[in-house]
1. For a quick check: with amide H placed at 1.01 Å from N, whose amide H comes under 5 Å from Cys147's, ignoring anything fewer than 5 positions away on the same chain?
2. Return one whole number: the accessible area per residue of the stretch 106-163 in Å², for a 1.4 Å probe.
3. So between Lys53 and Ile168, what do we pick up on full extension, going 0.36 nm a residue minus the alpha carbon distance?
4. Let me confirm the definition first: pairs of Lys residues in the stretch 64-154, 8 or more apart or on different chains, C-alpha distance under 13 Å. How many are there?
5. Testing the spin-label approximation: label points 7 Å from Cα along Cα→Cβ at Lys96 and Lys156. State their distance in nm.
6. Test of understanding: what is the full-extension gain from Ile133 to Tyr75, defined as 0.36 nm times their sequence separation minus their Cα-Cα distance?
7. As a test of reading the structure, rank Arg117, Arg84, Arg141, Arg50 by solvent-accessible area (1.4 Å probe, protein chains only), most first.
Amino acid sequence: MMILSVIIKVKQYFKQLVMGMLLKLLSFALFPRKRKSYVCRNNRDSNNARHNKQKGDKYELQIVKHYKQQGYKVYPKGLKEGWRDKGIDIIAYKGKEALLIQCKNWEHSQIKQEHLRIFLGDCTAYLEQNQKIFAKKSIRRVFITSCENIDYGVKKFLEENDMEYKIIPYFA
């Protein structure tokens, strides 16, 4: 009986792993990432980009504090590694639980299904590259945004995938 439940859990894990890899491949095929060019056309563009980066960093710090208050050990991956964070802004640990967190401080822009797909693929790739670290952990994928508008495609995607979606307002 015990062996059967272990086999079922392993089968579910590999199914989830394969689905994640397929989603990552599909996201690359359907939504190729364009390299962002930060060549500023004028001083106003430069100031706007700097302001958005600072606002995003402050939101990540707010979320780090939120999880620390809940008793998690928190690694602010996005703040420490910058653009090399591989799509995961924060990693939070508590006991055998690990949270992979993506933060989007988009008060006026709506989160789309594409953003969740990319995050899910980033999580799958990160977990594959760090199997030893997460082997005995229960993994939760958490997408956090300050945007209160939820797209229909986002709702459907969340119903069909293993991901949490939280709306946490930005406190400037």
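1. It is Trp106, by chain and number.
2. On the way: 3210 Å² over 58 residues.
Solvent-accessible surface per residue comes out at 55 Å².
3. Roughly 39.6 nm would be gained on extension.
4. Final tally of qualifying lysine pairs is 10.
5. That separation, rounded to one decimal, is 3.7 nm.
6. 19.5 nm
7. Arg84, Arg50, Arg117, Arg141
The values are calculated or read from the model by the stated rules, or taken from the named source; none is laboratory data. Fair warning: this is a prediction, and the values are worked out from it, not measured in the lab. Every residue, glycine among them, receives a Cβ derived from its backbone with ideal geometry; neighbour counts consider all protein chains shown. SASA here: full protein model, heavy atoms, side chains in, ligands and nucleic acids out. Shrake-Rupley method; radii C 1.70, N 1.55, O 1.52, S 1.80 Å.
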